[in-house]
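Here, each number is a calculation from the coordinates, and none is a lab measurement. Nothing here was measured: the structure is a model prediction, and the numbers come from that model. All Cβ positions, even for glycine, are placed from backbone atoms using ideal geometry, and neighbour counts span all protein chains on display.
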C-alpha cells in the first residue's frame, strides 16, 4: 500500500481503544485530531477534546473537518445509531470528504451460508442489536457517504476474554465457527481507509485464519501449558466463515495474519505493534 498523508483534520466520534490508537497514528503523521466523546479526561498530546452526548441535539456546532471515523458502541434501541448520526450531521458545518463507520460482522447474525461470507453477501440481522448496527450503516451512507468497516471479533492486549476462558477451564463449543481481527490490524485498516484516494465502500475486517473455536482454544491451552477447555457436546456447529481477502488487498499484509501470532504475543506479554 502506498503511504499517503493523513487527512489534515479528522474527527473521531467515540474515543475508545480504537480511537485512541488511530489518533496517535494520525497525530504522529502531522494530522490534526478532534475526539468527540461523552466524558472529559486526559487526551494524548495533539488531540483536541470535544464533549457531547449524541443522543441529544448538540448545543454547539462542531468544527470543519476533512475526515471522520465513527466508533460508537451500540445504543439501547434499534434507531440509536441513526439518531446519533443525524445529530452529528446537524452539528457539522459540512459533510466531511471521507467518513468511516465501524460496524460489525454481527449484521450476519441469522445468515446461513455454505460459502465464506464476503462483502457481496446481504446482511441478515435478527436481534435489535444487529438490526441497529445495520440501520446505522445505512444512515452513515445516507448522511455521509460513509465507508463501512465490519470487524469480526476484535482481540489483542486488554481484550482477553478467550484467554480467561481457557485459564478457567470454561466449557466452550468446539465446533463453533469463529472469525477475528487483531486490534492492531483493525487500526491499520481504519488509517488506510482514511488515506486511500478511492477506498472500497465496504470492508470486512477478518484475518486469514477463520477457525473452529476448538482449534483456537487448543492452541491457547498448549501455549499456556494447560488443558484445553472441555467441549459442550450438546452445542451445534454454529457460526459463519468470513472472507478477509479484500482487507488483505487494502493492507498488503497483516501484522497478525492468524490467531496464533496474536495470542502467542499476548501470552508472552509482548507489547502490541
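A residue that is over 30 Å from residue 194 (Cα atoms) and surrounded by 15 or more Cβ atoms within 10 Å (Cβ to Cβ) cannot be found anywhere in region 240-251. The set of residues in region 157-190 that are crowded, with 20+ Cβ neighbours inside 10 Å and farther than 13 Å from residue 229 by Cβ comprises 178, 179, 180, 181, 182, 183, 185, 186, 187, 188, 189, 190. Restricting attention to region 16-35, the residues that are surrounded by 15 or more Cβ atoms within 10 Å (Cβ to Cβ) and in contact (Cβ under 8 Å) with a residue 40 or more places away in the chain total 7. Here is the figure for region 63-84: residues that are in contact (Cβ under 8 Å) with a residue 12 or more places away in the chain, assigned to a loop (DSSP other than H, G, I, E, B) and out of contact with any helix residue (DSSP H, G or I) (no Cβ under 8 Å at 6 or more places or on another chain) total 5.
Among the residues of this structure, residue 257 does not count as one that is within 30 Å of residue 7 (Cβ to Cβ), touching a helix residue (DSSP H, G or I) at 6+ places or on another chain (Cβ under 7 Å) and touching a residue at least 12 places away in the same chain (Cβ under 8 Å).
Of all residues being surrounded by fewer than 21 Cβ atoms within 10 Å (Cβ to Cβ), in contact (Cβ under 8 Å) with a residue 40 or more places away in the chain and under 20 Å from the mean Cα position of the chain (by Cα) in region 112-128, which is farthest from residue 34 (Cα to Cα)? Just the residue, please. Only one residue fits best here, namely 116. Considering region 133-147, the residues that are surrounded by fewer than 23 Cβ atoms within 10 Å (Cβ to Cβ) and outside any helix (DSSP H, G or I) include one that is farthest from the chain's Cα centre (by Cα), namely 145.
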